[in-house]
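Structure, as structure tokens:
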Amino acid sequence: MAISSTFSGAKLERLLINSCSSPSASSLRACSLSHQQMKAFSKPNRGRKALAQRTGGVRCEVAQSDAINEGDKMDPSKASALSALEQLKTSAADRYTKERSSIVVIGLSVHTAPVEMREKLAIPEAEWPRAIAELCGLNHIEEAAVLSTCNRMEIYVVALSQHRGVKEVTEWMSKTSGIPVSEICEHRFLLYNKDATQHIFEVSAGLDSLVLGEGQILAQVKQVVKVGQGVVGFGRNISGLFKHAITVGKRVRTETNIAAGAVSVSSAAVELALMKLPESSHATARMLVIGAGKMGKLVIKHLVAKGCTKMVVVNRSEEKVAAIHEEMQGVEIIYRPLTDMLACSAEADVVFTSTASETPLFLKEHVKDLPPVSSEVGGLRLFVDISVPRNVGSCVSDVEGARLYNVDDLKEVVAANKEDRLRKAMEAQAIIAEESKQFEAWRDSLETVPTIKKLRAYAERIRVAELEKCLSKMGEDIPKKTRRAVDDLSRGIVNKLLHGPMQHLRCDGSDDRTLSETLENMHALNRMFGLESDISLFEQKIRAKVEQSQKIVEVGNLTIRGSNGS
């Protein structure tokens, strides 16, 4: 895993602002950083191992001896400022220079948590941007994405600190869902870096689905990328991870037969209903589908594939139902508005529910007075609920003459052909392992991108300056063709000189060069060409943030005084 050579600017700003939130004189002095002091945050990690060995612990690169050497010249206020600064470096900044930010997934799925918990944690697609913004507002989270489906609720983040990042995200999940942290911890799973990468690749390929190879999850992963476009916290690492996952999902389905005969959650729901009905009633059972969205449409398609020629569809609007009816020629699809839901249920033997409603559509009081169904269909009205949050309350199970099944009950359908499922999964795992290696190499290569850009900019500044000198000596009446030839010559020389260093800064898995060698080359070039970050601009940015924070505090104090005076 790569080692970051600089401390994250955005998080350093936040830490500095937090440390300066108190308007006391000492804290303000502590935030007045000199050029030399700020540079300590941006130095490469060279020598850190030796320093740790000498002192028995890891410290920031500004040595304690610096303070001792200048101690005699310092007045008490400066000593206090330096002390506060060193505390900040030691307790906060240094934690993040020791390791690169981690990709972490904190999740609950059909394999680890019951539907009762998943429905409370579910986040509607329209709320994903808000959730990303809130997650990235946490102290140790840089990027985030949400994958919330009927079978899983997973949060992917880039965390500055694994432990603190997981703690903050888990507390956020508890706050938004009302589920105690201890209960979430009991059912969640945590995966880091390569394991997190492999997990999302398996999810996209359909290997982690309740129904192996089902295609709907790939569409849901694509939707995460679509919704995330333009959202500030959906950054380069997370965006790259999900885009690569889409590639993996497509490749697995193209190069293996994992999708051959695969069923979706919707088709499994239809299979389950038919398993519970007497075989003689399959053609005559009265079917009701509530919801004409993606899941509802798939239920209708699978009912038709199983020989059903007539059904009632309840939906808020008629347009979607009419479009489905147009696709299914020769099938009688009767539309009813949502207000007719209970009346339609009274005339149905099987009720499928798949709406986005966040509150139950059916409770015990709605079902207990429905007329009994015919003994020809088993004497039981079946409710097959594939929504998360659930559309049918668990209390419906208490009603005599009714049977309730939800997404967790679909395991009964997909348990068959286990050996075939495992064989297909093994074929896909080889592709996932290869793609995981490529993604890790791509992410490792991001470490050297700033140095590559700075080196090119450095060379370009020299080229332009020398080109201007040359052209000025040649006079003003130089033909355009000559100017262009000289300019092309200078560019060609610079590009050829940069080719070698650039090759040694790339780490994309295409050669035998290790990441550590690439990072050594990066640090060497930074030293040789003075490519350190522009500390003065960085310091100005931080000071502006601090001043803005202080103004907010002052305005707040004035407001409080004004309200007290009135």
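The values are calculated or read from the model by the stated rules, or taken from the named source; none is laboratory data. Every value quoted in this text rests on a predicted model; they were computed, and no experiment measured them. All Cβ positions, even for glycine, are placed from backbone atoms using ideal geometry, and neighbour counts span all protein chains on display. Note: areas computed on protein heavy atoms with side chains; ligands, DNA, RNA excluded. Shrake-Rupley method; radii C 1.70, N 1.55, O 1.52, S 1.80 Å.
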If I filter the stretch 365-376 for residues that are at positive phi, in contact (Cβ under 8 Å) with a residue 12 or more places away in the chain and loosely packed, with under 15 Cβ neighbours inside 10 Å, do I get at least one hit? no
Unmet requirement for P360, which otherwise passes all of (1) closer than 15 Å to V115 by Cβ; (2) touching a helix residue (DSSP H, G or I) at 6+ places or on another chain (Cβ under 8 Å); (3) not in a helix (DSSP H, G or I): (2)
Quick check: anything in the stretch 140-149 surrounded by fewer than 19 Cβ atoms within 10 Å (Cβ to Cβ) and out of contact with any Ser or Thr (no Cβ under 8 Å at 6 or more places or on another chain)? no
For the structure I just gave you, tell me whether A428 is within 26 Å of S204 (Cα to Cα) and surrounded by fewer than 16 Cβ atoms within 10 Å (Cβ to Cβ). no
Residues being outside any helix (DSSP H, G or I) and loosely packed, with under 15 Cβ neighbours inside 10 Å - total across the stretch 325-353: 6
Which pairs have Cβ atoms under 7 Å, sit 6 or more apart or on different chains, and link a residue in the stretch 173-188 that is among the hydroxyl-bearing types (S, T, Y) to one that is assigned to a helix (DSSP H, G or I) and open to solvent by 70 Å² or more (accessible area, probe 1.4 Å)? S177/K120
State yes or no: is S375 under 28 Å from the mean Cα position of the chain (by Cα) and either modelled with pLDDT under 95 or farther than 30 Å from L241 by Cα (or both)? no
Just one of (1) within 25 Å of N237 (Cα to Cα); (2) open to solvent by 90 Å² or more (accessible area, probe 1.4 Å); (3) modelled with pLDDT of 75 or more trips up D512, so point out which. (3)
Looking at G107, G137, G165, can you tell me which residue is closer than 22 Å to L241 by Cα, under 12 Å from the mean Cα position of the chain (by Cα) and among the small types (G, A, S)? G107
Are any residues in the stretch 158-169 in contact with a helix residue (DSSP H, G or I) (Cβ under 6 Å, 6 or more places away or on another chain) and within 25 Å of P389 (Cα to Cα), and if so, which ones? none
Odd one out for K411 among (1) closer than 26 Å to A113 by Cβ; (2) open to solvent by less than 30 Å² (accessible area, probe 1.4 Å); (3) in a helix (DSSP H, G or I): (2)
I need every pair where a residue in the stretch 421-446 that is more than 30 Å from E520 (Cβ to Cβ) has its Cβ under 7 Å from the Cβ of a residue that is of a type in the set (D, E) and in a helix (DSSP H, G or I), sequence separation at least 6 or different chains. I431/E255; I432/E202
Counted residues in the stretch 220-238 being open to solvent by 10 Å² or more (accessible area, probe 1.4 Å), part of a helix (DSSP H, G or I) and touching a residue at least 60 places away in the same chain (Cβ under 8 Å) come to 5
Scanning the stretch 102-116 residue by residue, those open to solvent by less than 10 Å² (accessible area, probe 1.4 Å) and outside any loop (DSSP other than H, G, I, E, B) turn out to be S102, I103, V104, V105, I106, G107, L108, S109, V115
Whichever residue in the stretch 81-101 is modelled with pLDDT of 50 or more and in a loop (DSSP other than H, G, I, E, B) and, among such residues, is surrounded by the fewest Cβ atoms within 10 Å (Cβ to Cβ): E99
From I200, I132, I155, I179, grab the single residue that is over 15 Å from the mean Cα position of the chain (by Cα), at pLDDT 95 or above and not charged (D, E, K, R). I179
Name, by its number, the condition in (1) exposed (fewer than 11 other Cβ atoms within 10 Å of the Cβ); (2) at pLDDT below 85 that does not hold for K496. (2)
Looking at (1) among the charged types (D, E, K, R); (2) modelled with pLDDT of 95 or more; (3) closer than 30 Å to A430 by Cα, find the lone condition where D208 falls short. (2)
Can you work out which of the residues in the stretch 272-284 that are open to solvent by 60 Å² or more (accessible area, probe 1.4 Å) and in a helix (DSSP H, G or I) is farthest from V384 (Cα to Cα)? S280
Go through the stretch 239-255 and give me each residue that's more than 25 Å from V158 (Cα to Cα), among the β-branched types (V, I, T) and buried (at least 20 other Cβ atoms within 10 Å of the Cβ). V252
Take the residues of the stretch 522-537 that are farther than 18 Å from E460 by Cβ, hydrophobic (A, V, I, L, M, F, W, C) and open to solvent by less than 60 Å² (accessible area, probe 1.4 Å): which is modelled with the highest pLDDT? A524
Check whether at least one residue in the stretch 191-214 is of a type outside the set (V, I, T), open to solvent by 40 Å² or more (accessible area, probe 1.4 Å) and touching a strand residue (DSSP E or B) at 6+ places or on another chain (Cβ under 7 Å), and report yes or no. yes
Would you pick out the residues in the stretch 285-324 that are surrounded by fewer than 19 Cβ atoms within 10 Å (Cβ to Cβ), touching a Phe, Trp or Tyr at 6+ places or on another chain (Cβ under 8 Å) and not acidic (D, E)? A322
Which numbered condition trips up M328, out of (1) free of Cβ contacts under 8 Å to residues at least 60 places away in the same chain; (2) hydrophobic (A, V, I, L, M, F, W, C); (3) within 18 Å of I386 (Cβ to Cβ)? (3)
